[in-house]
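I have placed the structure first, in the form of structure tokens, so that the comments after it can refer back to it.
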Amino acid sequence: MKNKIKTVAEAMEVIKDGQTIMISGFTFAGTPEKLIDGMVEKGVKDLTLITNDTGTAEFGIGKLIVNKMAKKLSCSHVGLNKETGRQMTAGELDVTLIPQGTIVERIRAGGSGLGGFLTPTGVGTIVEEGKEKINVDGKDYILEKPLRAEIALIKAWKADKMGNLTYRRAARNFNPVMATAADFVIVEVEEIVEIGELDPEIIFTPGIMVDMIVKP
């Protein structure tokens, strides 16, 4: 069996300039903060980030924005990070704001191999600009295309040595869906257990989707 357990430093060898990276979390919950700290220390740049929000300037994903490591950002809101708003307004960061339900479904479509999905959300607003509209039974829908990334950085509560994952309460958020939609998945965990110790009923991400496990 391949040893998936690595250090933060080893995980950073996979992270390169210019990559598209999904990062999980909802502000403070379920965010792989130690992996993000590793990215800041490495100083990668020109990233395209896909995330729910950019947290705060002092924590997690917000650090990537403050250090100007991203050139593009797709998110549902900027969070409490004023620097994201400043860079967006100044034209220093290319930001695409996507309704929260839509961004989750676009990631899910990417992970499921679908060509996209139809949604009424955003019809008649700036959200529909540049997108295909399809009329179904007299109602207009926007065709939203799938989102995928080269790397997904996620956070779990526990992993076994095969990479089967379980999450703690609301910290689950975007982690399971992002694990399906990237070419290479790195998980930061709080605890690693032996194979067979996790009840199958609480495994939300199977180990086949996880390439690397990091316990800081």
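The modelled label-to-label distance between E41 and I202, using points 7 Å beyond Cα along the C-beta direction, is 3.0 nm. Heavy-atom accessible surface of M212, to the nearest 10 Å², is about 20 Å², with a 1.4 Å probe and all protein chains retained.
Shape annotation for region 127-211: C-alpha extents along the principal axes are 54, 26, 20 Å, from largest to smallest. Once you divide the Cα radius of gyration of the chain by 2.2 N^0.38 Å, the number left is 1.03.
To the nearest ten degrees, helix 33-42 and the longest principal axis of the Cα atoms of the chain are 90 degrees apart. Normalised by the number of residues in region 78-190, the average gap of Cα pairs under 8 Å and 6 or more apart makes the relative contact order 25 percent.
Using per-residue counts of other Cβ atoms within 10 Å, averaged over each peptide, order 60-71, 102-113 from highest down.
Working: 60-71: 21.2, 102-113: 19.2.
Sorting 60-71, 102-113 by mean packing, highest first, produces 60-71, 102-113.
Taking amide H atoms as placed 1.01 Å from N in the peptide plane, the amide H of K45 lies under 5 Å from those of D17, G18, each 5 or more residues away in sequence or on another chain. Sites listed here are chymotrypsin sites (Phe, Trp or Tyr not before Pro) in region 9-102 whose DSSP assignment is loop and whose Cβ has at most 14 other Cβ atoms within 10 Å: F28. Taking Cα atoms only, the orientation of helix 100-112 departs from the longest principal axis of the chain by about 60 degrees.
Assuming a ≥ b ≥ c are the square roots of the Cα gyration tensor eigenvalues, decide whether region 78-164 counts as rounded (a/c under 1.5), prolate (otherwise, with a/b larger than b/c) or oblate. It is oblate, given that a/c is not under 1.5 and a/b is not larger than b/c. Taking the DSSP beta bridges with both ends in the chain, the antiparallel portion is around 30 percent. Mean residue ellipticity at 222 nm, helices only, the chain: -6000 deg cm²/dmol; runs of at least 4 DSSP H residues each add -39,500 (n - 2.57), and the sum is divided by the number of residues.
The values are calculated or read from the model by the stated rules, or taken from the named source; none is laboratory data. As the structure is a computational prediction, the values presented were derived from the model and not from experiment. Neighbour counts run over all protein chains shown; Cβ positions are idealised from the backbone, glycine included. Protein only, heavy atoms only, side chains kept; ligands, DNA and RNA dropped before computing areas. Shrake-Rupley method; radii C 1.70, N 1.55, O 1.52, S 1.80 Å.
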